[in-house]
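Here it is: the structure, laid out below.
The values are calculated or read from the model by the stated rules, or taken from the named source; none is laboratory data. Please read all numbers here as calculations on a predicted model, not as lab measurements. Note that each Cβ is placed from the backbone with ideal geometry, even for glycine, and that neighbours are counted across all protein chains shown.
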Amino acid sequence: MTGARFLASFDIEDWFHAENVKDVLPTTDWTALEARVEPNTHALLDLLAAADAKSTFFVLGWIARRYPGLVRRMADEGHEVASHSDVHRRLYQLTPDELAADLAQARDSLEQVTGTRVWGLRAPVFSIDERVLDCLAAAGYWYDSSFYAFGAHDRYGELKSVPDPDAAMVRVRPDLVELPMSRLVLGPLALPWSGGGYFRLIPYPVFRWGVRRRLAARDWFLFYFHPWELDADEVPPARLPAPRRFRAYVGRSRMRRDLARLLGEFGSMRIDDALRADGHRPPS
């Protein structure tokens, strides 16, 4: 690993794809719900452009088919487009055939829009396991970024093939590497610090301190965020329980300001560029 690197990545989905709200939506027909992903993602792209930073966008195939112009803007402005699966189902719950079909459909939808190879995946809600890795390796993926070693979360998956969850990357199959989500290790504690709800909950000066401490120790920080987390005007579903309402909506009013500060202070680079810079090459 050469030099401290901040990798800002974004999981591109609409508000109704989020796991916290799925079971209280008034309908299962996403096309009948108010779509908000386009303006929110354009806002993310504007923040990156203002900071002259490049990123990796993990995009749902469902999004690519409905908003091809949005995905083309990502590619045209120099960002990497990777997969976030097709329709935001937990990958470790799918049958082998369902899993292969979902990943293939998402990849094809993204590549049809961008004209470039999709090399990476981030599973929805970090729903990874060894079987999913096997499927990715068989399909010729180069990297996965779905392992978040935080046992207190009820949805995250597990990987026994990653002995050090704080490593920048781990080779988990002959041609497949895993990029674990960054944690902040303080003595015996390993705290979730990669972004998302943790970024919204932790005051910015404290979060920035944690990023700097992690970069001093490991030279690599992998950040993630969703476009709906910028949206302070989104109205929560009426039946959403208070704890989940807090979990999904806390801190949104300051996110545009704080994300701009984060990108301005740490910059960002694409995941595939970071891998190449360290001498890694995609599968032939």
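Pull up region 205-235, narrow it to residues that are at pLDDT below 95 and touching a Lys or Arg at 6+ places or on another chain (Cβ under 9 Å), then point me to the one that is surrounded by the fewest Cβ atoms within 10 Å (Cβ to Cβ).
Checked region 205-235; the qualifying residue surrounded by the fewest Cβ atoms within 10 Å (Cβ to Cβ) is ASP219.
Considering each of LEU94, LEU25 in turn, give the residue that is hydrophobic (A, V, I, L, M, F, W, C) and farther than 29 Å from ALA139 by Cα. So that I can check it myself, show each step before the final result.
Numbers: LEU94 fails: farther than 29 Å from ALA139 by Cα.
Selected residue: LEU25, the only one of LEU94, LEU25 that is hydrophobic (A, V, I, L, M, F, W, C) and farther than 29 Å from ALA139 by Cα.
Of everything in region 195-213, what is more than 26 Å from HIS42 (Cβ to Cβ) and part of a helix (DSSP H, G or I)? Give them in sequence order.
PRO205, VAL206, TRP209, GLY210, ARG212, ARG213
How many residues does region 67-97 hold that are in contact with a Lys or Arg (Cβ under 8 Å, 6 or more places away or on another chain) and either assigned to a strand (DSSP E or B) or more than 30 Å from GLU265 (Cβ to Cβ) (or both)? Lay out the reasoning, then the answer.
First pass over region 67-97, keeping only residues in contact with a Lys or Arg (Cβ under 8 Å, 6 or more places away or on another chain): 78-80, 82-84, 90, 92, 96.
Filter once more, keeping what is either assigned to a strand (DSSP E or B) or more than 30 Å from GLU265 (Cβ to Cβ) (or both): 80, 82-83, 90, 92, 96.
Going through region 67-97 one residue at a time, the tally reaches 6.
Looking for something among the basic types (Lys, Arg), surrounded by 24 or more Cβ atoms within 10 Å (Cβ to Cβ) and assigned to a loop (DSSP other than H, G, I, E, B) - is there at least one such residue anywhere in region 118-141?
Narrowing region 118-141 to residues among the basic types (Lys, Arg): 122, 131.
Then drop every residue that is not surrounded by 24 or more Cβ atoms within 10 Å (Cβ to Cβ), which leaves 122.
Adding the requirement that they be assigned to a loop (DSSP other than H, G, I, E, B) leaves 122.
Yes: region 118-141 contains one or more residues that are among the basic types (Lys, Arg), surrounded by 24 or more Cβ atoms within 10 Å (Cβ to Cβ) and assigned to a loop (DSSP other than H, G, I, E, B).
PHE207 versus (1) more than 19 Å from GLY267 (Cβ to Cβ); (2) of a type in the set (A, V, I, L, M, F, W, C); (3) in contact (Cβ under 8 Å) with a residue 12 or more places away in the chain: which is the lone unmet condition?
Unmet condition: (1).
Just give me the residues in region 82-97 being of a type in the set (A, V, I, L, M) and either crowded, with 24+ Cβ neighbours inside 10 Å or under 11 Å from VAL125 (Cβ atoms) (or both), in sequence order.
Of everything in region 82-97, those that are of a type in the set (A, V, I, L, M) and either crowded, with 24+ Cβ neighbours inside 10 Å or under 11 Å from VAL125 (Cβ atoms) (or both) turn out to be ALA82, LEU91.
I'd like the full set of residues that are β-branched (Val, Ile, Thr), more than 20 Å from ALA82 (Cβ to Cβ) and buried (at least 19 other Cβ atoms within 10 Å of the Cβ), limited to region 12-48.
Keep residues of region 12-48 that are β-branched (Val, Ile, Thr), which gives 12, 21, 24, 27-28, 31, 37, 41.
The next check asks that each one be more than 20 Å from ALA82 (Cβ to Cβ); those that pass are 21, 24, 27-28, 31.
Within region 12-48, just VAL21 meets the criteria.
Can you run down the residue pairs with Cβ atoms below 7 Å, 6 or more apart or on separate chains, where the first is in region 241-257 and more than 19 Å from HIS42 (Cβ to Cβ) and the partner is of a type in the set (Lys, Arg) and part of a helix (DSSP H, G or I)?
VAL250/ARG200; GLY251/ARG200
What pairs come out if I take residues in region 107-118 that are of a type in the set (A, V, I, L, M, F, W, C) and pair them with residues that are outside any helix (DSSP H, G or I) and surrounded by fewer than 22 Cβ atoms within 10 Å (Cβ to Cβ) whose C-beta lies under 9 Å away, six or more apart or interchain?
Matching pairs, first to second residue: LEU110/THR116.
Working only within region 155-188, note down all residues that are closer than 21 Å to GLN93 by Cα and either assigned to a strand (DSSP E or B) or among the acidic types (Asp, Glu) (or both).
Within region 155-188, GLU158, VAL172, GLU178 qualify.
Output the number of the condition that ARG244 fails; it satisfies all remaining conditions of (1) surrounded by 13 or more Cβ atoms within 10 Å (Cβ to Cβ); (2) charged (D, E, K, R); (3) not in a helix (DSSP H, G or I).
(3)
Which pairs have Cβ atoms under 6 Å, sit 6 or more apart or on different chains, and link a residue in region 54-69 that is under 17 Å from ASP102 (Cα atoms) to one that is outside any helix (DSSP H, G or I) and among the acidic types (Asp, Glu)?
PHE58/ASP11; LEU60/GLU13; GLY61/ASP86
Now for a different question. Any residue in region 49-66 that is under 18 Å from the mean Cα position of the chain (by Cα), of a type in the set (Lys, Arg) and part of a helix (DSSP H, G or I)?
Going residue by residue through region 49-66, those that are under 18 Å from the mean Cα position of the chain (by Cα) are 53-64.
When the remaining residues are screened for being of a type in the set (Lys, Arg), the result is 54.
Going one step further and asking which of them are part of a helix (DSSP H, G or I), we end up with none.
No; the residues of region 49-66 include none that is under 18 Å from the mean Cα position of the chain (by Cα), of a type in the set (Lys, Arg) and part of a helix (DSSP H, G or I).
Still on this structure, I have one more. Give the residue, chosen from THR41, THR28, THR56, that is among the hydroxyl-bearing types (Ser, Thr, Tyr) and in contact with a His (Cβ under 9 Å, 6 or more places away or on another chain). Break it down into steps so the answer makes sense when it comes.
On the way: THR41 fails: in contact with a His (Cβ under 9 Å, 6 or more places away or on another chain); THR28 fails: in contact with a His (Cβ under 9 Å, 6 or more places away or on another chain).
Among THR41, THR28, THR56, only THR56 is among the hydroxyl-bearing types (Ser, Thr, Tyr) and in contact with a His (Cβ under 9 Å, 6 or more places away or on another chain).
Given the condition assigned to a loop (DSSP other than H, G, I, E, B) and either closer than 20 Å to ASP164 by Cα or among the β-branched types (Val, Ile, Thr) (or both), answer yes or no: does some residue in region 214-229 qualify?
yes
Hey, ASP219 hits all of (1) within 23 Å of ASP273 (Cβ to Cβ); (2) under 19 Å from the mean Cα position of the chain (by Cα); (3) charged (D, E, K, R) but one; which does it fall short on?
If we test ASP219 against (1) within 23 Å of ASP273 (Cβ to Cβ); (2) under 19 Å from the mean Cα position of the chain (by Cα); (3) charged (D, E, K, R), just (2) comes out false.
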